[in-house]
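Taking it in order: structure first as structure tokens, then the write-up.
The values are calculated or read from the model by the stated rules, or taken from the named source; none is laboratory data. Since the model is a prediction, treat every value here as computed from it, not as a measurement. Don't worry about glycine lacking a Cβ; one is built from the backbone with ideal geometry, like all the others, and counts go over all protein chains shown. Surface accessibility is based on the protein's heavy atoms, side chains included, excluding ligands, DNA and RNA. Shrake-Rupley method; radii C 1.70, N 1.55, O 1.52, S 1.80 Å.
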Amino acid sequence: MPAATLGVALITKNAEARLAECLSALAFADKIAVLDSGSSDATVQIAEAHGATVAVSSDWPGFGVQKNRAVALLDTDWVLLIDADEVVSPELAASIRAAIAGPQADVYRLNRLSSFCGHWMRHSGWYPDWIPRLFKQGSARFSDDLVHERLVFDGPAAALAGTLLHYSYETHADVLRKLDAYSEAGAHQRHARGETASVAKAVGRGLWAFIRTWVIKRGFLDGAAGFQVAVFNAETVYYRFLKLAALNRRD
């Protein structure tokens, strides 16, 4: 029997900061497909220099649909979906190779360790962070959500050894930019489902997000970074429901 093949799918837009490191760690893959959303930086050139097949999308349908489009660019036996700010550790790479050589499941989950402005987060609800990302072609797909998409599949996902390093927020400018983008997308997603909100609901949900991160998820053990993440979560939730309330008033 021929060896099983592995393809990696990525979606990108202006992702040059970590892309070279991300792609260099994927040298063990048989194919890399990058679906770009019109980058104005060196994202496409970096991807092509690392041997990736690059396609450009003219629209933005949301994270879920876009990831399914990227997966469709691959014809390999197995698919690994990662983001351009994620780096596969050597231990995880070895675990992935072993899994597709002798599969025990159709879907595998990876443990992701994320950083916040230079601090690796070990608490705050950020770690451990088991996410299904490796799957046999045709056995899973991403939900069509605009944001916070999830991989949909049947049966349990097996766990892989090793760590997926996630450079999620490298500067406070990134924090503010993503806060606005995620709260906006979240508001529109809830609005499409017919949900309603008010200023009081925005305040209450934001306060609960802070308490949940800082106290229940033990964000205080992450020190100053944990406090910043708790505030970030609170503000994201607050603005999500505030924007949803504005959409409701517009209707």
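Summarising the amide proton neighbourhood of Ala9: residues at separation of 5 or more, or on other chains, whose placed amide H is nearer than 5 Å comprise Ala33, Leu80, Leu81, Ile82. How large is log10 of I(q)/I(0) for segment 77-168 at q = 0.13, 0.23, 0.24, 0.25 Å⁻¹ when the intensity is taken from the Debye formula with one equal scatterer per alpha-carbon? Result of the Debye calculation: -0.44, -1.25, -1.32, -1.38. Amide H contacts of Ser168: Ser115, each under 5 Å away and 5 or more positions distant or on a separate chain (H built 1.01 Å from N in the peptide plane; Pro and chain starts excluded). Looking at the chain, the accessible area is 48 square angstrom per residue; that uses a 1.4 Å probe and ignores ligands, DNA and RNA.
Using the Kirkwood radius built from alpha carbon pairs, what does the Stokes-Einstein equation give as D for the chain at 20 °C and 1.002 mPa s, in µm² per second? The diffusion coefficient I find is 111 µm²/s. Globularity index of segment 1-121 is 1.06 (Cα radius of gyration / 2.2 N^0.38 Å, N = number of residues).
The amide H of Asp36, built 1.01 Å from its N in the peptide plane, has Thr12, Ala55, Val56, Ser57 as neighbours under 5 Å, considering only residues 5 or more places off or on other chains.
Cα-based values for segment 134-251, radius of gyration first and Dmax second, are 16.9, 49 Å. Each residue of segment 129-136 is assigned a 3J(HN,Hα), and the resulting list reads 9, 7, 10, x, 9, 10, 8, 5 Hz, derived from the Karplus form 6.51 cos²θ - 1.76 cosθ + 1.60 (θ = phi - 60°), x at Gly and Pro.
Report, ordered by chain and residue number, the lysines lying within cross-link reach of Lys178, taken as a straight Cα distance under 26 Å and ignoring same-chain residues fewer than 8 apart. Within the straight-line cut-off, Lys178 pairs with Lys13, Lys67, Lys201, Lys217, Lys243. Classify segment 6-68 as rounded, prolate or oblate from the Cα gyration tensor: take a ≥ b ≥ c as the square roots of its eigenvalues, call it rounded if a/c is under 1.5, otherwise prolate when a/b beats b/c and oblate if not. Cα axes put segment 6-68 in the oblate bin. Of the beta bridges in the chain, as assigned by DSSP with both residues counted there, near 45 percent are antiparallel. Our coupling estimate for segment 213-225, obtained by passing each phi through the Karplus curve with A = 6.51, B = -1.76, C = 1.60 and θ = phi - 60°, is 6, 6, 9, 5, 8, 6, x, 4, 6, 8, x, 4, 5 Hz, Gly and Pro reported as x. Between Val56 and Phe220, the FRET efficiency estimated from the beta carbon spacing at R0 = 45 angstrom works out to 0.50. Roughly to the nearest percent, how much of the accessible area of the chain is carbon and sulfur, given a 1.4 Å probe? The nonpolar share, carbon plus sulfur, comes to 55 percent. For segment 157-168, putting each phi into the Karplus relation 6.51 cos²θ - 1.76 cosθ + 1.60 with θ = phi - 60° gives couplings of 9, 7, 9, 10, 7, x, 10, 9, 7, 10, 8, 6 Hz, in residue order, rounded to whole numbers and with x for Gly and Pro. Would segment 140-186 count as rounded, prolate or oblate if I go by the C-alpha gyration tensor, calling it rounded below 1.5 in a/c and otherwise prolate when a/b exceeds b/c, oblate otherwise? The shape class here is oblate.
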